[in-house]
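Here is the structure we will look at, set down as structure tokens.
The values are calculated or read from the model by the stated rules, or taken from the named source; none is laboratory data. What you are looking at is a predicted structure, and each value in this text was computed from that prediction instead of being measured. When we count neighbours, we look across all protein chains shown, and the Cβ atoms used for this are built from the backbone with ideal geometry, even at glycine. The area values use the complete protein model at the heavy-atom level, side chains included, leaving out ligands, DNA and RNA. Shrake-Rupley method; radii C 1.70, N 1.55, O 1.52, S 1.80 Å.
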Amino acid sequence: MPPHPVPLGFVFRSRAKEEKAPADKAQVTDSKQTRDPQAPKGRPTPKRSEAQTQRRNVAQTPTTRKEAAKRQRDERRVQMEKQRQALANGDERYLPARDKGPVRKFARDFVDSRFCVAEFFLPMAVVILVLSMVRVGSLQNIALLLWLVVIVMIVVDSIGIAIRLKKQLAARFPDVPKKGAVAYALMRTLQMRRLRLPKPQVKRGERP
């Protein structure tokens, strides 16, 4: 007689149970196993200061366009106030870009340490204008002559300042870009000393 065939259900059922048993045990084991408090969590624990900073940044993040615009206006106002104070005390950190750097600072000090003819242009122009308005021929001729004298004096003095400043800059800052520094200084000479910004940081006659 032929041998009794092995039931197929027995074969598949046993394999399924054998495969399922380790998985069930693993699940039970994993669910009941407690994590060691000292074990790493996969990421570093942030410091208290860092956590407070993150919470503060999240709390301060604007949620609407109106709040964002208000914050930008406040930041701009604070920046303008810092810039205004820097123009008064010469703080390099908050000066406008055109006034920053050691070259521009030296150019300012070079101009502020001496008398410049151009800085008296406005008061002299007022006097000449008044003389020219008087309906007296001699006074009008004097006013015209004064205009020519003032212009020639400003041109000559400005040329001398430009030449001396170029030499000083070349000697003190040989490897630093100096583009625009001379023009920057000459524009400063056209302003009266008390009206110059940034405020003068040296006295007249003091070497920069």
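Percent of accessible area on the stretch 118-208 owned by carbon and sulfur, 1.4 Å probe? That fraction is 70 percent.
A DSSP coil position with no more than 14 other Cβ atoms inside 10 Å describes the following trypsin sites (Lys or Arg not before Pro) in the stretch 140-208: Lys179, Lys203, Arg204. Taking 0.36 nm per residue of separation and subtracting the current Cα-Cα distance, fully stretching the chain between Val155 and Leu190 would add 11.4 nm.
Pairs of alpha carbons in the stretch 82-159 separated by more than 18 Å make up 59% of all such pairs. Taken along the Cα-to-beta-carbon direction at a fixed 7 Å, the label points for Met133 and Ala97 span 4.2 nm. The length gained by stretching the chain between Met124 and Asn141 to full extension, at 0.36 nm per residue less their Cα-Cα distance, is 4.6 nm.
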